[in-house]
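Note sheet for the following structure.
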Protein chains: 2
Amino acid sequence: MHLLLVEDDHLVAEGLCRSLRQQGYSVEHSSTVKSAMQWLQNDEIELVVLDLGLPDGDGIDILKHIKKHRKNLPVVILTARGSIDDKVMGLDLGADDYLAKPFDPAELFARLRVASRRVTQAQTSTLKVGDVEMDTAAFTVSFQGEPVNLPRKEFMLLKALLENQGRVQSKQQLENKLYEWGEEVGSNTIEVHIHHLRKKFPKEFIKTLRGIGYVVGKR
Amino acid sequence: MHLLLVEDDHLVAEGLCRSLRQQGYSVEHSSTVKSAMQWLQNDEIELVVLDLGLPDGDGIDILKHIKKHRKNLPVVILTARGSIDDKVMGLDLGADDYLAKPFDPAELFARLRVASRRVTQAQTSTLKVGDVEMDTAAFTVSFQGEPVNLPRKEFMLLKALLENQGRVQSKQQLENKLYEWGEEVGSNTIEVHIHHLRKKFPKEFIKTLRGIGYVVGKR
DNA sequence: TCTAAGTTTAAGGTTAATTTAAGCATTAAA
DNA sequence: TTTAATGCTTAAATTAACCTTAAACTTAGA
């Protein structure tokens, strides 16, 4: 894992570099705001250890920069200043953690492990067929990137179709998905909703198979 | 945001509960390992503040249990023991942070904000959507640069919306975020708060999606 | 304690979503 | 090419969701 260490005190830096490498990180080191910024251009940096109080500027600026351009890059702040205000400020600006010098390297390593654990996690509940994309958690749908507003039943119907991409579903099956048991549907609701959906998407997006049902997607 | 406080000292617990609630958390409290475990069955707990050293067992067991069953649930440990070994152990077991007693409440709040950011994906303590800006740490909101005064519940509601910019949230979801369990909301509180918020911001800032919920921001 | 601000409740009005129903269009088989 | 079956379209009727208001209640601060 690639780590950027920003620290101006050469003695401290040297020691840290060595022990971080022993911990298995690939360490890049910079001692000025300027060079730190350059390193940050590099997308391969996955973790930053940042000393505030550098010779040519304030480390806080680096933090701001990171949080503006690479929100998900974890940053652990390292500093001599230990007042609570400083801590609160660093954390509120988006730092993931904060250690006051002097600190025990073991504690830094532990905190880095926590931070790097976080790097890998993402889960999306999104369905996509052609240009139509749905986020079932956020209740949003878009067509060619443009958001489309769907009422509840239309949303549910489209969801049922997208979840069964390429599979034909009868009106009866779809009805069962949209309505509670025992809720009698005495009419052609599904047809009507399909009609409304079709107005919002390309002509042939929802295909009809006469006497069988409806499909979406490849076939 | 739902928080579980595990703390056996009743005096401390009471004070913390109150101030955490003022910080906008819905706080559930338990003072034993057993009841903590029960609370943790509940999926909606999003954040845990854990005192080690409980009467009927070790808090570390709770931590282990959490990390086994709900890896992503952030835990902030709170304890009288302050040695580095303890810290390292707590962190390596998956705690996200560690505070030694006595601590300044402001620092706990700052660290909790960091932990909850992780849950909500937001990166800093300031949330911004359009002309509306919120500083969750300072508890302030502004519209077009002008400060807007919001009562606590309205603030929490707006926060829940801003944290989920572009994501539609149902009334039920919002209710769950603003209220503690056992506190049944027998009425249309959310609707009323939304109404009040709308008076303070532009007409279409909070959008309604009938039958689905409310959103703020892009769509 | 008292007061003012915040919060919840409840009722009635408003509007959008959903269902219904009827007539029109298309398909496939005789 | 006719016919019967199935699906499409439209608009009106119905229903459910939401908004608004005001009053009752609660809480926090002086």
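The values are calculated or read from the model by the stated rules, or taken from the named source; none is laboratory data. Worth saying up front: this structure is predicted, and the values here are computed from it rather than measured. FYI the Cβ positions are ideal-geometry reconstructions off the backbone, even for glycines, and counts take in every protein chain you see. The protein model used for the area step is the full one, side chains on, heavy atoms only, and it has no ligands, DNA or RNA in it. Shrake-Rupley method; radii C 1.70, N 1.55, O 1.52, S 1.80 Å.
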* Checking B:ASP92 against (1) under 23 Å from A:PRO74 (Cβ atoms); (2) open to solvent by less than 50 Å² (accessible area, probe 1.4 Å), which single condition isn't satisfied? -> (2)
* Residues in segment B:166-202 that are near DNA strand C (Cβ under 10 Å from one of its atoms), surrounded by 18 or more Cβ atoms within 10 Å (Cβ to Cβ) and not aliphatic (A, V, I, L, M): how many? -> 1
* To do: Quickly run through segment A:146-165 and pick out the residues that are open to solvent by less than 60 Å² (accessible area, probe 1.4 Å) and closer than 20 Å to A:GLU204 by Cβ.
  => A:VAL148, A:LEU150, A:GLU154, A:LEU157, A:LEU158, A:ALA160, A:LEU161, A:LEU162, A:ASN164
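So that you can scan it fast, the table gives a plain yes or no per residue for (1) modelled with pLDDT of 90 or more; (2) part of a helix (DSSP H, G or I); (3) more than 16 Å from DNA strand D (Cβ to nearest atom):
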position	(1), (2), (3)
A:ALA106	no, yes, yes
A:ALA110	no, yes, yes
A:ARG113	no, yes, yes
A:ALA122	no, no, yes
A:LYS128	yes, no, yes
A:ALA137	no, no, yes
A:SER142	yes, no, yes
A:LEU150	yes, no, no
A:PHE155	yes, yes, no
* Which condition breaks for A:PHE205 when tested against (1) among the aromatic types (Phe, Trp, Tyr); (2) within 15 Å of DNA strand C (Cβ to nearest atom); (3) in contact with a strand residue (DSSP E or B) (Cβ under 8 Å, 6 or more places away or on another chain)? -> (2)
* For A:ILE62, are the conditions met, namely being under 26 Å from B:MET134 (Cβ atoms), modelled with pLDDT of 85 or more and more than 14 Å from chain B (Cβ to nearest Cβ)? -> yes
* Structure fact -> For B:ASP85, the lone unmet condition from (1) open to solvent by 40 Å² or more (accessible area, probe 1.4 Å); (2) part of a loop (DSSP other than H, G, I, E, B) is (2)
* Asked: Given the conditions (1) within 20 Å of the chain's Cα centre (by Cα); (2) not assigned by TED's automatic domain parsing to the domain that holds A:LEU73, which single one is not true for A:PHE205?
  -> (1)
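Does B:LYS199 fit the bill of being of a type in the set (D, E, K, R) and either near DNA strand D (Cβ under 10 Å from one of its atoms) or in contact with a strand residue (DSSP E or B) (Cβ under 9 Å, 6 or more places away or on another chain) (or both)?
On the way: of a type in the set (D, E, K, R): yes; either near DNA strand D (Cβ under 10 Å from one of its atoms) or in contact with a strand residue (DSSP E or B) (Cβ under 9 Å, 6 or more places away or on another chain) (or both): yes.
Judged against the criteria, B:LYS199 is a match.
Just for segment B:138-150: of the residues that are of a type outside the set (D, E, K, R) and over 24 Å from A:VAL88 (Cα atoms), which one is farthest from DNA strand C (Cβ to nearest atom)? Break it down into steps so the answer makes sense when it comes.
Kept after step one, since they are of a type outside the set (D, E, K, R), are these residues of segment B:138-150: B:138-145, B:147-150.
The next check asks that each one be over 24 Å from A:VAL88 (Cα atoms); those that pass are B:143-144.
Values: B:PHE143: 16, B:GLN144: 21 Å.
So, considering only residues that are of a type outside the set (D, E, K, R) and over 24 Å from A:VAL88 (Cα atoms), the one farthest from DNA strand C (Cβ to nearest atom) is B:GLN144.
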* Out of segment A:17-54, which residues are out of contact with any strand residue (DSSP E or B) (no Cβ under 6 Å at 6 or more places or on another chain) and in a helix (DSSP H, G or I)? -> A:ARG18, A:SER19, A:GLN22, A:LYS34, A:SER35, A:MET37, A:GLN38, A:LEU40, A:GLN41
* Asked: Just wondering, is there one or more residues in segment B:70-79 that are assigned to a loop (DSSP other than H, G, I, E, B) and either more than 14 Å from chain A (Cβ to nearest Cβ) or hydroxyl-bearing (Ser, Thr, Tyr) (or both)?
  -> no
* Among the residues of segment A:28-51, count how many are in contact with a helix residue (DSSP H, G or I) (Cβ under 8 Å, 6 or more places away or on another chain) and open to solvent by 10 Å² or more (accessible area, probe 1.4 Å). => 7
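If we keep just the residues of segment B:172-219 that are assigned to a loop (DSSP other than H, G, I, E, B) and of a type in the set (Lys, Arg), which is farthest from the other protein chains (Cβ to nearest Cβ)?
Start the filter on segment B:172-219 by keeping residues that are assigned to a loop (DSSP other than H, G, I, E, B), which leaves B:179-188, B:201-205, B:210-212, B:217-219.
If we keep only those that are of a type in the set (Lys, Arg) as well, we get B:203, B:210, B:218-219.
Numbers: B:LYS203: 17, B:ARG210: 7, B:LYS218: 8, B:ARG219: 4 Å.
It comes out as B:LYS203.
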* Which numbered condition trips up B:ARG113, out of (1) closer than 27 Å to B:LEU40 by Cβ; (2) free of Cβ contacts under 8 Å to residues at least 12 places away in the same chain? -> (2)
* Residue, surrounded by the most Cβ atoms within 10 Å (Cβ to Cβ), within segment B:119-140, restricted to residues that are within 10 Å of chain A (Cβ to nearest Cβ) and out of contact with any Asp or Glu (no Cβ under 7 Å at 6 or more places or on another chain) -> B:THR136
* **Failed item in (1) under 23 Å from the mean Cα position of the chain (by Cα); (2) open to solvent by 70 Å² or more (accessible area, probe 1.4 Å), with A:PRO55 passing the rest** => (1)
